[in-house]
Amino acid sequence: MAAFVLATLGTAQAATLDRGQLEQSADRAAAASYKEWVELLAIPNDATVPADIQKNVDWLVKAFARRGFQARALPNGDKPMVYAEYAAPGAPAAGRKTVLFYMHLDGQSVTPSQWAQKSPWDATLKARTADGKWEALPLDKLYAGPVDPEWRLFARSSSDDKGPIVMFLAAMDALKAAGVEPGVDIKVLLDSEEEKGSPSLGQVIGQNLALLRNDGMVILDGPMHQSNQPTLVFGNRGIQLVQLKVFGASQGLHSGHYGNYSANPVQRMASLLASMKDDNGRVTIPGYYTPVKIDARARQIMAAVPDDEAALKRRLGIASPEKVGANYQEAMQYPSLNVRGIAAGDVGPKARTIIPEVAVADIDLRTVPETPPETLVALLRKHIEKQGYHLVNGEPTAEERARYPKLASLTAGEVSASSSAARTDLDAPVSKWLQGVMQDTYGRAPVQIRMMGGTVPTGAAVQALKSPFVIVPLVNADNNQHSFDENMRLGNYRDGIRTLMGILQTPFR
């Protein structure tokens, strides 16, 4: 177990640490926390296994309590969440605000045979060889120091999201050792079902509204910008799943006997989907993009993001991107329409000479705050009807088949608050606070991402608590989260502690 009291930076009790002191203290805090990090990683945390989640909850409640937090489990069926709070000793400072830090303790499932190590739960230290491969090092090298910042620790949740949790604990240790009290009152919520889409997050928050109330939220999840520079993310797109079916005859038909007579639903599906987007990738459904307005300041912020689009295109293996936005960042500000897959008939050796009776397309609509899911679904439905289709519920009846030449159905999946789009204004107080923290901590402005393309469970918290949020990603972009060989770069681990120390010591005004 790591020692939790580090040597002070001097005999004087500092009010805050300057840039150089933050860097030195973060180095020491990282070294002191490695064993605790490895210990936590050894506890399996599959989001679908309640017994594993409970073990992590028990461990984490004790870990926060050792730092002086009031910590406990929040009931949530067989997967409780963790709540912890910390207020600086003495009378509350006038005007001191409360910040809620959100992280998650659960992880994706694993297939051990895919991992290039003994076990996904057996943290393995590795260094990259000259030919680009990863070579295992004795774990003692992690504890003996000094460590190479390019070394990585491989284990499930090393980056997503146990790494940030232990960084947070280490940052608290470092501030205590330096005699620095946090500049904000702290609340922490550790989600236990984030990897399942946080289906219960809104309910748990609703049951604990008074407990979780705050002046701003900091989300410690996700990867940093590809440049590995300090990063702030101010929003995320949401997601709505829909299934489209185009119906043909009531049964599969012999293509010789009925080809040129009975319409093929696969061909009709292809034409219908093609009508939804042009060759530049822009959605052609009227009104789909209309509500989105991007002002000059937002465009300036996005243009400043150091994306290497030439490298991105090489990595993706594409010659040119779609023309939805002027650049990658702008493209993420608009709702999207993506065909996830199509099923109809058979292909390959199983293919038969038939006209299939139905074609099915699964589609995801990425939403933005200006385009809620119900709006996009309504526009999609209207567009399909304008193409001459009669929309049915379920399977068409014999009467509907006899009456309407073009039949389809559109089924929208249930939308939870956790899958909603959310965004905080770049000039909001919490945004300005964190922009200032990054400037003070690193001596330069952070990469600022107005809205990332993926979906994270901020929506449930934002809707329930009505609090502004900012995502502060701390882990390397190439961390293989959700996949095998997940890893955390040690330089990112150290810098993450440094970032969190800067945040925790700085008053939020």
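The values are calculated or read from the model by the stated rules, or taken from the named source; none is laboratory data. Since we're looking at a predicted model, the values are computed, not measured. FYI the Cβ positions are ideal-geometry reconstructions off the backbone, even for glycines, and counts take in every protein chain you see. What goes into the accessible areas is simple: the full protein's heavy atoms, side chains included, and nothing from ligands, DNA or RNA. Shrake-Rupley method; radii C 1.70, N 1.55, O 1.52, S 1.80 Å.
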What are the ³J(HN,Hα) values, in whole Hz, obtained from phi via the Karplus relation 6.51 cos²θ - 1.76 cosθ + 1.60 with θ = phi - 60°, for each residue of region 289-300 in sequence order, with x given for Gly and Pro? 9, 3, x, 7, 10, 10, 7, 5, 5, 4, 5, 5
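Computed FRET efficiency, Cβ-Cβ of LYS133 and LEU316, R0 30 Å: what is it to the nearest 0.05? Walk me through the numbers on the way to the answer.
Working: r = 23 Å, r/R0 = 0.78.
Calculated transfer efficiency: 0.80.
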Of TYR258, LEU241, MET224, farthest towards positive along the dipole that unit charges on Lys, Arg, Asp, Glu beta carbons give region 201-280: TYR258
Per residue, accessible area of the chain with a 1.4 Å probe, heavy atoms of protein chains only, in Å², comes to 44 Å²
Amide proton proximity set for LYS277, modelled H, under 5 Å, gap of 5+: THR284
Can you order the peptides 211-222, 148-159, 106-117 by their average number of other Cβ atoms within 10 Å per residue, highest first? 148-159, 211-222, 106-117
Mean-position separation - Cα centroids, region 232-273 and region 175-218, in angstrom: 44 Å
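Between the DSSP loop rule and a limit of at most 14 other Cβ atoms within 10 Å, which trypsin sites (Lys or Arg not before Pro) in region 100-149 are left? Kindly include the intermediate steps, with their values, before the conclusion.
Working: sites: LYS118, LYS126, ARG128, LYS133, LYS141; in loops: LYS118, LYS133.
Qualifying residues, ordered by number: LYS118, LYS133.
Would you mind getting me the FRET efficiency between ARG444 and ASP148? Use the beta-carbon distance for r and R0 = 22 Å, nearest 0.05. Don't skip to the answer; put the middle values down first.
Values: r = 24 Å, r/R0 = 1.09.
Step by step, r from the Cβ atoms, then E = 0.35.
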Taking the Cα centre of the chain as origin, work out the dipole magnitude from +1 charges on Lys and Arg Cβ and -1 charges on Asp and Glu Cβ, in debye rounded to 20. 660 debye
Correct choice for percent of Cα pairs over 28 Å apart that was computed from the model, options (i) 53; (ii) 71; (iii) 59: (iii)
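Nothing charged except the Cβ atoms of Lys and Arg (+1) and of Asp and Glu (-1): what's the magnitude of the dipole of region 87-237 about its Cα centre? Round to the nearest 20 debye.
Details: 15 positive and 18 negative charges, 23 e Å.
That gives a dipole near 100 debye.
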Expected vector for region 100-110, Karplus 3J(HN,Hα) from phi with 6.51, -1.76, 1.60 and θ = phi - 60°, integer Hz, x for Gly and Pro, equals 9, 9, 10, 9, 10, 9, 8, x, 6, 5, 10
Amide H of GLY252 versus every other amide H placed in the peptide plane: which residues, excluding those fewer than 5 positions away on the same chain, fall under 5 Å? GLU357
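In the chain, what % of DSSP beta bridges are antiparallel (nearest 5)? Please report the intermediate quantities before stating the final value.
Values: 50 of 73 bridges.
Of those bridges, close to 70 percent are antiparallel.
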Carbon and sulfur together cover what percent of the accessible area of the chain at a 1.4 Å probe radius? 51 percent
Decide, for region 373-509, between rounded, prolate and oblate: order the square roots of the alpha carbon gyration tensor eigenvalues as a ≥ b ≥ c, take rounded if a/c falls under 1.5, and otherwise choose prolate if a/b is larger than b/c, else oblate. prolate
Quick one: 3J(HN,Hα) in Hz for region 447-454, Karplus 6.51/-1.76/1.60 with θ = phi - 60°, rounded, Gly and Pro as x. 5, 10, 10, 4, 7, 8, x, x
Quick one: Cα centre-to-centre distance for region 323-363 and region 403-462, in angstrom? 25 Å
Grab the Cα-Cα distance for HIS482 and GLN229, subtract it from 0.36 nm times how many residues apart they are, and report the gain in nm with one decimal. 88.8 nm
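Show that you can apply the helix-only estimate: for the chain, add -39,500 (n - 2.57) for every DSSP H stretch of four or more residues, divide by all residues, and state [θ] at 222 nm to the nearest 500.
Numbers: 16 runs with 164 residues, N = 509.
Theoretical 222 nm ellipticity from helices: -9500 deg cm²/dmol.
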Residue list for region 283-302, given a label point 7 angstrom along the Cα-to-Cβ vector of LYS382 and an amide N cut-off under 13 Å: 285-291
Would you pull out the residues with amide H under 5 Å of ASN76's amide H, same chain only if 5 or more places away, H placed 1.01 Å from N? MET81
What's the extension gain from GLU370 to SER275 if we count 0.36 nm per residue and subtract their Cα-Cα distance? 31.9 nm
